[in-house]
Structure formats: C-alpha cells, structure tokens
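All remarks here apply to the structure that follows.
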Amino acid sequence: MSQAPSWQQTSRDDQQIVFSNGKYQLYLTICTDAIIRVRMVEGQPLPHRSWAVTPADITWKPVPWSISTDHGIVRIRTAVYSVIFDTANGTVQFATDDRVFCADVEMPTLAHAGASVAKKISQNECFYGFGERTGALEKTGQIYKNWALDPEHPHTTRVNAMYAVLPMYLAVQPELAYGVFFNTTFRSQFDIGASEIDQIQWVTDGPEIDYYLVFGPTPADVCAGWTKLLGAMPLPPRWALGYHQSRWGYDKAATIRDLAAQFRGRQIPCDTIHFDIDYMDGYRVFTWDSVDFPDPEGLLANLHDNGFKVVTIIDPGVKIDEQYSVYSAGVAQDMFIRCADGTLFHGYVWPDDSVFADYTRPEVRAWWGEQHRALVAMGVKGIWDDMNEPTVFDRPFSEGGGNAGTIDLDAPQGPADERTTHAEVHNLYGYLMARSTREGLLKLNPNERPFVLTRSGFAGLQRWTALWTGDNTAIWEHLEMTLPQLCNLGLSGVPFCGVDIGGFFGNATPELWARWVQLGAFLPFCRGHSCAGTRPAEPWVYGERTESIARAYLTLRYRLLPYLYTLFHEAATTGAPIIRPLLYHFPNDPQTHHGYDQALLGSQLLLAPIIRPGVEHRVVYLPAGDWYDWWTGERISGPIHLMTHAPLERLPLYVRGGAIIPMAPAMQYTDERPLDELTLDIYPAGTSTWTLYEDDGISFDFEQGQTATTTYRCEEDASAISVTLEARVGSWQPAARTLVLNVHWLQPKDVQLDGAPVEWTYADGAATVVLEDDGAQHQLQLRG
C-alpha cells in the first residue's frame with residue numbers, strides 16, 4: 001500500500017475515538033478496562049448484524065480512559081493497559097507500563113478482495129486457542145483457515161480447517177497473556193509465523209479489519225474476558241455430565257432396549273443414549289421410522305424408567321418431499337435458502353435431495369425450534385445438531401454420497417433489511433442452528449435446562465451448545481490429539497467439549513479403547529460413539545479386562561460429579577475452562593508452554609494419560625508446589641519430572657497440594673439416588689479453600705437464588721492440620737447426608753471435632769472422620 005496521508009482525529013465520545021486519513025477510518029472503542037475493539041475500514045463500517053456474536057458498541061457501559069498525544073503518537077490508556085496509534089503510518093499496538101505487544105508490522109491492507117494485517121511476534125511468545133485445531137497445544141508455525149467444513153478422514157495433525165470456526169487466540173509471554181478475537185464471519189486465515197517467522201498474519205475475505213484485544217494479564221483473565229465479549233456457557237442439566245453412549249447403527253428399538261439392559265446389567269454407569277439418523281423415516285428430520293421404531297413413546301418411557309435420557313440427532317437438510325410436512329410447510333412459509341436466481345437451493349445429504357433453513361432470519365429460527373415439539377412431548381431431553389457446517393454432498397447418499405461441499409456462496413440470506421450472501425454467514429450456520437435448537441427447547445420445556453450438542457459452530461457457540469470435535473478415527477494419533485484439541489477449545493471460550501471416545505471411524509483395539517475411556521472419563525463431555533460398518537464399540541465388546549477398566553473409570557467419573565458440577569458452575573459464571581492446559585495455572589513456567597500430553601481437570605487434578613500402544617511407563621511433569629499421587633498417596637514436591645508406572649489399569653493421576661475433592665457415592669446414573677453421602681478427600685499443603693456448589697441439577701430455580709454453597713478450608717502446619725467446614729450458604733437444601741472426611745498424609749495422634757474428641761480411623765494413608773452434614777460450621781483438628 002502506498003504511503004497514506006497523516007491521520008486526524010474526526011470524532012470522540014465517552015466510548016470511542018475515530019481517526020481518518022481521508023480514505024480510511026480507524027475506530028477505537030473502549031469496551032471495558034480490558035477489552036478494546038479496533039476497526040479499520042474504507043468508507044462506512046459494516047453494520048452491527050442481528051446475528052452478531054458480540055454486543056453492539058453502544059451496549060458497553062462506559063469506563064474511564066484517558067488520551068494523550070506526543071509527536072503524532074496517540075496513547076489511549078485504560079486502568080490496565082493502553083492502545084497506541086501512530087498517526088504517521090497508521091499502525092496500532094498495545095502496551096503495559098513495561099512492554100509493547102500485539103504490534104502492527106505496518107498499516108493493515110484493505111482491498112475489494114479482502115483485508116489483512118500482520119502483527120509482530122515477541123520473543124518467547126506462544127500461541128494457543130484457534131478452536132478445535134488438530135496437532136500439538138502450541139501453534140507457532142501453523143496456518144489455519146477459518147472456514148467450516150467436513151474435513152477429509154482421517155484428519156491429520158496438520159489439517160488447517162475443521163468443523164467449527166473460532167477465529168481467536170490466546171497469546172502468552174513472560175508475565176503477560178492477552179487474547180485476540182478476529183471479528184469476521186467471512187472466510188479468513190491465521191498464519192502463525194509460518195510465512196514470516198516473526199509475524200502472525202490475519203487475512204479475511206471481508207472488507208474490513210475488525211478485532212477485539214482482550215487483556216489478561218493471566219490466561220484466566222483472558223478467558224473471563226471471552227465470557228464478557230462472547231457470552232457464557234449456561235449451566236447444563238446434571239445428567240449431561242454423565243456418560244453418553246452413541247452409535248450410527250442402533251437401527252432398531254430392540255437394539256436400544258438391549259443396549260440399556262447391558263449397561264445396567266453390567267453395572268457400567270450411563271445416563272444418556274443418543275439416537276443417530278437410524279431412527280428417522282428415510283432420514284427425514286423430526287420423524288420416526290414406524291417399522292423399526294414402532295412405539296417411540298413407549299421406548300422412551302422405558303428408558304426413562306431405567307434412568308436413561310434420550311438425545312436425538314437432527315440435521316439441517318430437509319428432504320424434498322411434497323408429502324412431508326416439514327418440507328411443505330417450510331416452502332409455504334419461505335423458510336429455506338434460495339439461490340441468487342430466486343429458486344430454492346437444494347443439495348444432497350442423508351435423505352438425498354434436500355433444502356436448508358435460513359437461520360439468520362429470526363422467524364426461521366423460531367419455526368425451526370417449533371419443529372422439535374413432538375420429540376420433546378414424547379420425552380426427548382436433548383438434541384444433537386450434526387452436518388451443520390453445512391455439508392452438502394456432490395451426489396445422492398443413496399448413490400454413495402461424498403465429496404462434501406456446501407451451499408452456494410452467492411445464495412442470499414438474512415432478513416430483508418440485512419440481506420447478505422452465504423459467503424458472509426457460512427461460518428455462522430452451525431452456530432445459528434444450535435441457537436435455534438436451544439431457543440426452541442427452552443420455549444417447549446421452559447422448566448428444564450436443555451442439552452444441545454453441535455458439530456459446527458462459531459465463536460461464542462458456548463452460549464447455545466456443547467461441542468464435540470467431529471468424526472475422529474480409532475487410531476492412537478487421534479487419542480494423542482484429544483487433550484490439545486480440548487484444551488485449546490477451552491482457551492477459546494468453549495468449556496463444554498469432548499471427543500468420540502474410541503474413535504468414530506475404524507476399529508479400536510482393546511488397549512486403545514481402554515486408554516481412551518480412561519481419559520474420556522475426565523473430559524467435560526463424555527461420549528462413546530462409532531460409525532456404521534465398524535465393529536460394535538460398547539465397553540463390553542473388547543473383553544473382560546477393558547470392560548473392567550471402563551467400569552472403574554466411569555464409576556470414578558460419577559464419584560467426582562460434585563467436583564465436576566462445581567467446575568461447570570465456575571465455567572458458567574467466570575468462563576474458566578473445565579479441562580485446562582498446565583499453562584493456565586502456571587503461565588510463567590516455560591515447561592508448561594509446549595506440554596500437550598498432560599492437563600488439569602479444574603485446578604486440582606492433573607491427568608497424564610498414556611497415548612501410545614504398549615507403553616506402561618511415562619514421564620510426568622509436576623509444576624511448582626506439592627502434589628499427591630492419586631493411587632499411592634505419595635506426596636511429591638515440584639517442579640519435577642518423574643517416571644511413573646502406568647499399567648493398562650492405571651492412568652497417572654495427581655492431586656494438587658491443598659486440594660479438597662468432593663465425591664459422591666458410586667452410581668449407575670446421576671439421579672439414581674440423592675447425594676446422601678458426601679466424601680471430602682483433603683490433601684493438605686499450607687492453607688487452601690474449596691467451595692462446593694449445589695442446586696437441583698435440572699431446573700432454572702438456581703437463577704432465582706435456589707443454590708447452596710459450602711466453603712471448606714484446610715490449614716497445615718508442622719504439627720497439626722485444621723479443617724474448617726463453613727456454614728452452608730443459600731436457600732437450596734440438599735438431602736440429609738453423611739459427611740466423610742478423608743485427610744490424607746498425616747497419621748494423627750489426636751483428632752477433635754469442635755474441640756471435643758471424635759471417633760476416627762486411619763487406613764491407606766488417610767485419617768477418616770464421619771459426621772452428619774447439618775450445614776453448620778464445624779472445625780476438625782488433627783495433631784501429629
């Protein structure tokens with residue numbers, strides 16, 4: 001770009017300042033102390049769309065900021081950081097008191113074909129996020145396209161586009177973290193030091209540069225900023241935290257009944273069964289196959305009586321069939337996308353020739369949500385939105401399908417006053433379908449929290465849905481990429497996420513499935529799923545040893561539900577990921593910056609799974625502080641690398657010193673019994689606290705204050721341990737229960753409760769005290 005004239009300030013209010021050089025305009029909007037929006041455009045900026053994932057500028061509450069100018073350098077300072085604009089060359093950079101970061105290499109390029117900007121990569125800067133990307137945790141050296149598609153199978157560690165699009169990242173430098181959300185729904189790309197080793201380059205097919213800088217200075221602060229900018233995950237129903245079983249191929253009601261009986265008979269915990277496209281009449285969405293599923297109401301009632309919830313798959317493709325009411329009504333009401341020439345767009349998916357709803361229009365979203373009425377009425381509790389990139393085959397599925405494409409990019413979409421083309425909203429298709437689904441379920445069953453699962457989506461999708469990473473394969477490489485994929489999703493604002501345990505395509509070995517379910521038992525979304533034409537993939541088909549491993553680890557997941565549910569509440573209120581890379585809590589430890597084969601479940605449990613065949617030993621890195629081996633109780637001081645033994649039955653698992661882990665009794669499903677016994681496993685290290693969150697697990701009463709929180713505190717000194725149970729806070733009352741306190745490590749000589757001697761036992765490295773949980777404050781003291 002040729003040298004432009006010097007920039008001049010043209011307007012200013014209490015939120016925004018605008019500069020122009022006669023051809024281009026720069027808008028700097030102060031959203032919060034930590035969030036600043038930067039837009040550079042030629043002419044007028046794009047309007048705020050009704051489907052936008054970020055709030056309109058005018059909705060942000062003004063915060064104090066100041067502006068100063070020195071030799072053409074404009075500095076706008078908030079309470080925590082500054083944005084600096086050079087009026088001579090049109091570049092933007094950000095700064096704290098001691099460093100500059102996210103600095104333009106040169107003025108952004110704006111052209112009819114798109115826009116681009118290059119930012120300098122600082123020394124020792126690492127990059128994370130970018131959504132569900134494959135490969136290792138840290139992303140320097142990669143090029144990623146932001147375009148929703150169904151990738152070739154099996155997708156490799158270097159595939160550069162996936163099902164969901166999250167054009168955002170988190171950057172970590174020594175003592176500093178910040179996030180960038182590239183606010184474009186058009187096709188775009190990140191080049192993270194691949195073409196130019198010292199630059200991260202952003203490119204969009206859209207006409208402007210538009211991004212938000214979310215300042216930390218910690219990764220946790222950035223994730224909290226994502227929540228303010230893009231919305232929070234709503235608290236899901238508790239049953240959604242249980243194990244889900246799915247398969248493309250459960251094609252008869254009798255198969256489903258037998259599946260449920262096998263889980264209960266074999267005592268393998270499970271809450272949810274997913275119905276894939278097999279249940280539909282000729283793959284017509286919102287219908288049932290009357291031959292293979294002759295009595296769906298009876299089937300769902302039977303499953304409900306046995307503690308199972310049902311989730312049904314729904315695809316966006318609506319079969320062209322004049323006798324099919326969803327199609328005929330949708331055509332009559334003009335609900336489907338049309339081509340540029342005005343004819344209905346149609347393409348091939350599972351039901352062959354199909355049409356597609358235009359979810360950018362609010363009336364279409366309401367209509368689509370209403371289509372779920374019959375499913376909800378018969379007892380379906382969740383909806384699984386699939387194929388919603390959207391994927392369109394190049395030939396009918398009845399003739400083999402394949403060669404996935406999408407809707408014509410020039411197809412008009414949007415309300416009459418916001419008309420655009422599919423090129424602008426393609427990446428939003430899955431996001432808006434999931435929004436339609438959640439809003440519909442809320443309207444149809446307003447007293448229960450809905451569960452929605454999607455394959456595709458856009459930044460902010462956590463407001464509407466959980467996400468799974470699509471069609472993986474039963475290979476060790478895809479087990480290996482599980483943690484970095486999910487950790488980066490968490491750093492991209494999506495806490496409720498998971499993978500297909502065991503792999504969707506192909507056939508897992510007993511060893512691979514055992515190692516995968518060990519890890520899967522600790523993931524936010526926990527589902528086994530497999531493809532038609534592969535071998536059966538339920539836990540018991542791999543032999544007694546693997547079945548026993550599945551039973552043990554899924555039972556452990558259910559015992560950890562009080563801990564998990566509290567993490568979900570934390571995610572819903574603060575944006576904290578549920579599964580976290582070590583750098584989230586230890587960002588200033590360089591050893592954590594590239595480690596991708598370990599993760600933290602919340603702040604207190606460290607997982608180090610085995611991800612290679614035939615391996616029974618591995619190196620584990622424990623950051624600074626005290627840690628306990630979950631299996632042996634050994635106390636270990638970090639930072640340290642250690643070699644640990646991990647036979648097939650064992651996933652290396654460590655507890656952070658100071659942890660207080662709440663645990664439930666073993667259950668076969670989440671509502672099998674009330675929480676009538678609560679165990680606290682306490683691992684002393686200095687002074688620590690943990691707050692347990694509880695509510696009824698299903699309704700929205702928690703939004704009206706029907707909750708309970710209990711804070712537990714542990715204090716350790718050289719000769720004693722003190723555990724304080726603070727009084728329960730809140731109007732929700734749990735069932736009457738026993739409280740079991742297991743204090744690990746110290747073998748006491750004297751134990752007192754509220755100053756009086758109390759009965760206690762000691763076994764397996766823990767002192768145990770049992771009392772009634774009356775919600776009042778108590779203090780337990782153990783003296784060595």
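Where a number appears in this text, it was derived from the coordinates with a stated rule and is not lab data. No experiment lies behind these values; they were computed from the predicted model shown. Positions of Cβ are generated from backbone atoms using ideal geometry, with glycine treated the same way; all protein chains shown enter the neighbour counts.
Shape index of region 168-228: Rg/Rh, with Rg the Cα radius of gyration and Rh the Kirkwood radius from the inverse mean 1/r over Cα pairs, equals 1.01. If you wrap the tightest convex hull around every Cα atom of region 196-249 and split its volume per residue, you get 268 Å³. Taken over the alpha carbons of region 487-591 as equal point scatterers, the Debye sum produces base-10 log I(q)/I(0) values at 0.20, 0.24 Å⁻¹ of -1.02, -1.20.
Overall, the ratio between the Cα radius of gyration of region 1-73 and 2.2 N^0.38 Å, rounded to two decimals, is 1.21. Which residue, chosen from 288, 229, 254, occupies the Cα position most advanced towards the positive end of the dipole of region 213-303, where the dipole is computed from +1 (Lys, Arg) and -1 (Asp, Glu) charges on Cβ about the Cα centre? Checking the options against the dipole of region 213-303, the answer is 229. Enter the Cα centre distance for the pair region 527-541 and region 91-142, rounded to the nearest angstrom. Each part reduced to its Cα centre gives a spacing of 42 Å. Could you give me the percent of Cα pairs per 10 Å distance bin for region 89-136, shortest bin first, beginning at zero and ending with the bin that holds the maximum distance? Going out from 0 Å in 10 Å bins, region 89-136 shows 20, 37, 34, 9 percent.
The packing ranking of peptides 442-450, 62-70, 141-149, 313-321, highest mean first, is 313-321, 141-149, 442-450, 62-70, where packing means the average number of other beta carbon atoms within 10 angstrom of each residue.
In the chain, the DSSP-assigned H stretches of four residues or longer account for a calculated mean residue ellipticity at 222 nm of -5000 deg cm²/dmol, using -39500 (n - 2.57) per stretch and the full residue count as denominator. Just to confirm my numbers, what's the Cα centroid distance between region 360-390 and region 412-431 in Å? Centre-to-centre distance over Cα atoms comes out at 19 Å. Here region 251-298 is assigned +1 on the Cβ of each Lys and Arg and -1 on the Cβ of each Asp and Glu. Its dipole about the Cα centre then comes out at about 260 debye.
Contact order, relative form, for region 143-230: 27 percent (alpha carbon pairs under 8 Å, 6 or more residues apart, mean separation divided by residue count). Ordering 518-529, 285-296 by mean Cβ neighbour count within 10 Å, with the highest value first, yields 518-529, 285-296. The charge dipole of the chain, taken about its Cα centre with unit charges on the Cβ of Lys, Arg, Asp and Glu (plus for the first two, minus for the last two), comes to roughly 640 debye.
Diffusion coefficient (Stokes-Einstein, Kirkwood radius over C-alpha pairs, 4 °C, 1.567 mPa s) for region 512-662: 79 µm²/s, rounded to a whole number.
Evaluated with a Cβ-only charge set (Lys, Arg +1; Asp, Glu -1), region 1-144 carries a dipole of roughly 240 debye about its Cα centre, given to the nearest 20. Evaluated at q = 0.06, 0.09, 0.10 Å⁻¹, the base-10 log of the normalised Debye intensity for the chain, with identical point scatterers placed on the Cα atoms, takes the values -0.39, -0.88, -1.07. For residue 677, the amide hydrogen comes within under 5 Å of the amide hydrogens of 738, counting only partners 5 or more places away or on other chains and with H modelled in the peptide plane. For region 595-650, the spread of Cα coordinates along the three principal axes comes to 31, 23, 19 Å, biggest extent given first.
Other residues with beta-carbon under 11 Å from the beta-carbon of residue 18 carry, at +1 per Lys or Arg and -1 per Asp or Glu, a net charge of +1. Since only 359, 346, 330 are under comparison, the one whose Cα sits farthest along the positive direction of the charge dipole of region 218-374, derived from C-beta charges on Lys, Arg, Asp and Glu, is 359.
How big is D for region 667-784, in µm² s⁻¹ as a whole number, if Stokes-Einstein is applied with the Kirkwood radius of its Cα pairs at 25 °C and 0.890 mPa s? The Stokes-Einstein estimate is 160 µm²/s.
All Cα-Cα separations within region 732-784 were binned at 10 Å from zero, giving a P(r) of 23, 53, 21, 4, each value a whole percent of the pairs. When you filter the trypsin sites (Lys or Arg not before Pro) in region 388-439 for DSSP loop state and at most 12 other Cβ atoms inside 10 Å of their Cβ, you are left with 419. Note on the chain: dipole from Cβ charges, positive end direction compared against 550, 298, 663; the farthest Cα belongs to 663.
The packing ranking, built from the mean of other Cβ atoms within 10 Å per residue, places the peptides 404-413, 337-346 in the order 404-413, 337-346, highest first. Using the alpha carbons alone, the radius of gyration of region 433-481 stands to its Kirkwood radius in an Rg to Rh ratio of 1.14. DSSP beta bridges fully contained in the chain are about 85 percent antiparallel.
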